[in-house]
Amino acid sequence: TVLETVGALVIVLDPQGRVVGFNRACQALTGCTLEEMRGRTIWERLIPPEQREDVQRVFADLTTMPRLSQFENDWLTRDGERRWITWANAAIIGADGAVEHVIGTGIDITARKQAERAMVEARDAAQRANAAKSAFLSRMSHELRSPLHAILGFAQVMSVEERRLSARQRGTLERIQRAGWHLLSLIND
């Protein structure tokens, strides 16, 4: 009753990895019934092909060196959806000292994994945007500095001949220099 009513996924396997118990939470998640799963190994139906070897290795470790273990892997649902599960596994030892069963208690962490993935993607996008902004500012700074240096340079050359300029021309020249130095200060900032 406890195994059937607990919210966690609970699966019981024999020493060969065949399903003996498969609670309601497992059935709800996968869309598979205990009758369908009984006698089948978990890796032939529930584990994606690229993860089967890892799951089989963890299972073999549990049956040869019984201890508690934790593991994360995908489970495939009946409709092909992948659900990420974190497992706590334990071997049940019989009176003769041999492993009789392996019990796995799992929690579906798909939403958490998706959120983690989204955060990583958002961070990467922010880093790319920041790099693009830096490159843009660097390019624009260079593109603005070149003509600005020419303007300031010609203004300085003209100021050498300031005594030949009219008062109006000197005022215009001062405005050009002030505006140029102000713009260069903004670019530098």
Any idea how far the Cα center of the stretch 1-58 sits from the one of the stretch 119-146, in Å? 49
Mean ellipticity per residue at 222 nm, deg cm²/dmol - from DSSP H runs of n ≥ 4 across the chain, formula -39500 (n - 2.57): -18000 deg cm²/dmol
Dipole of the chain, positive end: most advanced residue of 90, 75, 150 [Cβ charges, Cα centre]: 150
The chain: relative contact order in percent, alpha carbon pairs under 8 Å with at least 6 residues between: 15
Leaving ligands, DNA and RNA out of it, report the carbon-plus-sulfur percent of the accessible area of the stretch 46-189 at a 1.4 Å probe. 58
Entry for Cα Rg over 2.2 N^0.38 Å (calculated from the structure that is shown) out of (i) 1.98; (ii) 1.00; (iii) 2.19: (iii)
To the nearest 20 Debye, how big is the dipole of the chain about its Cα centre, given +1 on the beta carbon of each Lys and Arg and -1 on that of each Asp and Glu? 1540
Extension gain from residue 137 to residue 81, taking 0.36 nm per residue of separation minus the Cα-Cα distance: 15.7 nm
For residue 113, what charge total do you get from the other residues with a beta carbon under 14 Å from its beta carbon, if Lys and Arg give +1 and Asp and Glu give -1? -2
Once you mark the GluC sites (Glu not before Pro) that are in a DSSP loop and have at most 16 other Cβ atoms within 10 Å, what is the longest gap between them in the chain? 1-80
Note down the net charge around residue 88, summing +1 for each Lys or Arg and -1 for each Asp or Glu among other residues with Cβ under 15 Å from its Cβ. -2
Accessible area (Å², per residue) of the stretch 1-132, counting only protein heavy atoms and a probe of 1.4 Å: 57
Projected label distance in nm at residue 186 and residue 24, using a 7 Å step from Cα toward the beta-carbon: 6.9
Only sites in a loop by DSSP and with at most 16 other Cβ atoms within 10 Å count here; which trypsin sites (Lys or Arg not before Pro) in the stretch 48-131 make the cut? 67, 78
Using a simple charge model, +1 on the beta-carbon of Lys and Arg, -1 on the beta-carbon of Asp and Glu, nothing else, what dipole does the stretch 58-108 show about its Cα centre, in debye to the nearest 20? 40
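The values are calculated or read from the model by the stated rules, or taken from the named source; none is laboratory data. Everything numeric here is computed off the predicted structure, so don't read it as measured data. Cβ sites come from the backbone with ideal geometry, for glycine too, and all protein chains shown count toward neighbours. Heavy atoms of the whole protein, side chains included, go into the accessibility calculation; ligands, DNA and RNA do not. Shrake-Rupley method; radii C 1.70, N 1.55, O 1.52, S 1.80 Å.
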